[in-house]
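**Student:** Can you keep this structure in mind? I'll have questions shortly.
The values are calculated or read from the model by the stated rules, or taken from the named source; none is laboratory data. This one's a predicted model, so the numbers in the text were calculated from it and none came from an experiment. A quick note on method: Cβ atoms are made from the backbone with ideal geometry, for glycine too, and the neighbour counts reach across all protein chains shown.
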Amino acid sequence: MQMKLLPHKVQKPAGIFLLVCFVLVFPMIFFSLVAATKDPSSTSIPAWIDSNTPVLARLFVIAFTLSLAALLFSEEKVEDEMISHLRLRAVAVSAIIVIAFKLIEQIVWVLLPWDFTDSFRDIRNDFKGVGVNTMIILYLLIFKRSIRKYSNRTDEEQS
Amino acid sequence: MKNNLKVERARQRISQQELADRLHVSRQTVNAIELGKFNPSTLLSLKMSRLFGIPVNELFFLEEGD
């Protein structure tokens with residue numbers, strides 16, 4: 001069954017947006033959280049952003065999810081059987097990594113002493129979405145790296 | 001699995017790009033097959049066999065450990 005994918009040209013804007021997220025937005029959120037934990041009364045977030053945070057946060061999550069989906073479901077420049085093979089391998093490897101992580105997390109959860117359980121539960125709740133998003137990002141990293149590896153090898157052969 | 005792809009390609013004076021275009025795959029795929037890094041599907045193997053005019057088992061061979 002041939003899956004219909006998005007055109008290759010959607011990768012560029014989606015990739016740029018994700019790059020902006022990782023370079024600008026996530027560090028901004030991280031440092032704001034660090035500042036908030038050091039002094040809860042102060043805020044390093046500008047007032048406009050702070051007052052519109054729920055709306056901005058929702059818009060950001062939607063844009064982030066759509067960008068990931070666009071990269072996930074878009075074609076490469078040339079779609080052939082080797083690309084399909086690399087795609088499937090990337091899915092398998094990323095799934096195994098995330099499953100292993102979740103299994104270790106379960107074991108650690110059971111082995112932790114009771115007085116640490118509440119703190120660990122909080123951390124666990126913060127990372128609820130880590131499974132799917134982590135798997136998608138891992139898949140993209142593995143898949144793109146595989147393609148680049150074969151492209152580099154082809155260029156070396158040519159020279 | 002080993003193959004004679006590079007030899008057959010040289011014999012018929014076809015570049016990797018040309019072969020890729022005729023088979024409707026990328027040049028990276030042809031290169032990966034020649035280097036033994038990727039095993040083609042049955043369909044692609046048969047297309048190569050027809051293009052070169054030789055049987056599939058003269059194009060691809062099993063190695064000792066296979």
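**Student:** Please go through (1) in a loop (DSSP other than H, G, I, E, B); (2) acidic (Asp, Glu); (3) within 14 Å of chain A (Cβ to nearest Cβ) for residue B:21 and return the number of the only condition it doesn't satisfy.
**Tutor:** Of (1) in a loop (DSSP other than H, G, I, E, B); (2) acidic (Asp, Glu); (3) within 14 Å of chain A (Cβ to nearest Cβ), only one is false for residue B:21: (1).
**Student:** Condition first: touching a Pro at 6+ places or on another chain (Cβ under 7 Å) and either within 14 Å of chain A (Cβ to nearest Cβ) or not hydrophobic (A, V, I, L, M, F, W, C) (or both). Can you find one or more residues in the stretch B:30-41 that meet it? Before the answer, list the steps.
**Tutor:** From the stretch B:30-41, those touching a Pro at 6+ places or on another chain (Cβ under 7 Å) are B:33; that's our starting set.
Filter once more, so that each one left must be either within 14 Å of chain A (Cβ to nearest Cβ) or not hydrophobic (A, V, I, L, M, F, W, C) (or both): B:33.
Taking every residue of the stretch B:30-41 in turn, at least one turns out to be touching a Pro at 6+ places or on another chain (Cβ under 7 Å) and either within 14 Å of chain A (Cβ to nearest Cβ) or not hydrophobic (A, V, I, L, M, F, W, C) (or both).
**Student:** Identify all residues within the stretch B:41-54 that are more than 18 Å from residue A:76 (Cβ to Cβ) and part of a loop (DSSP other than H, G, I, E, B); write none if there are none.
**Tutor:** Hits for the stretch B:41-54 are B:53, B:54.
**Student:** Based on what the data block shows, is residue B:13 part of a loop (DSSP other than H, G, I, E, B) and not hydrophobic (A, V, I, L, M, F, W, C)?
**Tutor:** Values: part of a loop (DSSP other than H, G, I, E, B): yes; not hydrophobic (A, V, I, L, M, F, W, C): yes.
The answer is yes for residue B:13.
**Student:** While we're on this one: What pairs can you find where one residue is in the stretch A:102-115 and modelled with pLDDT under 80, the other is part of a helix (DSSP H, G or I), and their Cβ atoms are less than 7 Å apart, with a gap of 6+ or different chains?
**Tutor:** Pairs that qualify, where the first residue is modelled with pLDDT under 80 and the partner is part of a helix (DSSP H, G or I), are A:109/A:120; A:112/A:120.
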